[in-house]
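I have placed the structure first, in the form of structure tokens, so that the comments after it can refer back to it.
The values are calculated or read from the model by the stated rules, or taken from the named source; none is laboratory data. Every value quoted in this text rests on a predicted model; they were computed, and no experiment measured them. All Cβ positions, glycine included, derive from the backbone under ideal geometry; neighbour counts span all protein chains shown. In case anyone asks, the SASA skips ligands and DNA or RNA and just uses the protein heavy atoms, side chains included. Shrake-Rupley method; radii C 1.70, N 1.55, O 1.52, S 1.80 Å.
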Amino acid sequence: MTSLNPCGKKGEKHCKSELIKTAQKSCKKMFKFNIYVQNNVSSLRNYDRNRKVSSILEAAASVDPIVNFGAFRDYVIKLKRDVLKEGIPFGLSGMATESLFYGHLKALIEYAGECFNDSSKLLLPHIEHGIAWLPRVPANVLQPYVHCTVSQGAYRAEAIHAARPWLPHYAVGPYIHYAEPIYDAEQMQSMKREFGRTLLVFPAHTYELSQVRFSRESFVNLVFDKYASEFDTIMVSAYWHDADDSLFELFERKGAKVVSSGMREDPEFIKRLKTVICLSDKAVGNALGTNIGYCACLGVPFEMIDADLTDINDVGNSYGSEEALELARKTQDVTKACFQGMDSAVFMDVYNTYWGGAESIKSREEIRCILDISREVLDVSRGFTKRFPKAVSYVYEQACIGKSSNSSMKRRLLDNAWGNGDE
């Protein structure tokens, strides 16, 4: 009589073991190559950590760091003492977390007139959170689940398309454009009347994997000696990681108002940043930062001061010797452009290259269309990452023959996202 067990009695244990291994390999492949499965598994794996981080972010957000910086600073001090570990970044874990930085994703989703929720990150799985100056491919862009990438300027487009030719790379201009101020118009007017003519100061800041060195006292004295007579209020923007820095106590002793836009992963961060810039008549700073392009976008003049006396050591990015030299050259060139002022052709070239400029800014309909393209790509591919290239191509082909809604807009956006068209 033929045994129903193809492995035989002796091999039954081995057979089951092989079946388990096969199933495990299948699950691993599914986890790696399907965006929905990866997102769900990643959420489960990081559930406890992310729940803790979310509670911390919610507690921090319960304090308005613009009107009550003191309470926000106390919270950051407690956070650093009880939770943060030196040299280890704080934040949510899992896939597409960079898109959540500074509220960029939420601002874009709401600008398009849609509701922001946990699944929104699947539509824009990689939003470059800042400007890196070098044209190398961001590591996160190479993640299998990334079916499109978003940045302010297109300075990395060539490198990205050399690595992933099919990947849509949307340059959308300064992210600050898409955010609304945190306060309504009446509150903004009231605060502006209270502050009067306002100077906004952006000091060089750190994050968990960087260090900044400059003379705090000299910088504070320079700001007051040079600008105090011109302005009714000197407002200083404190990055969350530096909220406990002695610099801000020095500013407060001189009579400055210190504010913050909140934690890095606070979804209202960019709204607060837009608020403080819009309340200002001029801005100054001693280091390169995304805020410079934001000021240009909002029509607030920016002046670079004391940058040559500011030393920034970014140990978090692993630059090779040649890259380090190139980065030094780039930052020097951009800094010089900023010294020349926003009215110069040199600065506008930098602004258009790295921040995208006014020509890269998208309408509400265009952002909505980008989101629709992502939905179609995910629907056609069923979330399987290996199918993304063909899915993107299919969506484009359907747009070319007018078989989808907003066909002409989809075609134009994808052409531009591949570098085939002009904005």
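Observations
- Restricting the range 293-324 to residues that are modelled with pLDDT of 90 or more, among the hydrophobic types (A, V, I, L, M, F, W, C) and over 19 Å from the mean Cα position of the chain (by Cα), the residue that is surrounded by the most Cβ atoms within 10 Å (Cβ to Cβ): Phe302
- Residue check for Tyr178: closer than 14 Å to Ala417 by Cβ and within 16 Å of the chain's Cα centre (by Cα): no
- Members of the range 148-180 found to be open to solvent by less than 20 Å² (accessible area, probe 1.4 Å), among the hydrophobic types (A, V, I, L, M, F, W, C) and farther than 23 Å from Gly289 by Cα, listed by number: Cys148, Leu167
- Being open to solvent by less than 10 Å² (accessible area, probe 1.4 Å) and polar (S, T, N, Q) holds for only one residue in Thr275, Thr290, Thr233, and it is Thr275.
Conditions tested, residue by residue: (1) farther than 19 Å from Gly262 by Cβ; (2) among the charged types (D, E, K, R); (3) free of Cβ contacts under 8 Å to residues at least 60 places away in the same chain; (4) open to solvent by less than 10 Å² (accessible area, probe 1.4 Å).
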| position | (1), (2), (3), (4) |
| --- | --- |
| Ala60 | no, no, no, yes |
| Gly70 | no, no, yes, no |
| Gly103 | no, no, no, yes |
| Leu122 | yes, no, no, no |
| Arg136 | yes, yes, no, no |
| Ala139 | yes, no, yes, no |
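- Single residue of Tyr178, Tyr207 found to be in contact with a helix residue (DSSP H, G or I) (Cβ under 9 Å, 6 or more places away or on another chain), more than 30 Å from Glu86 (Cβ to Cβ) and of a type in the set (Ser, Thr, Tyr): Tyr178
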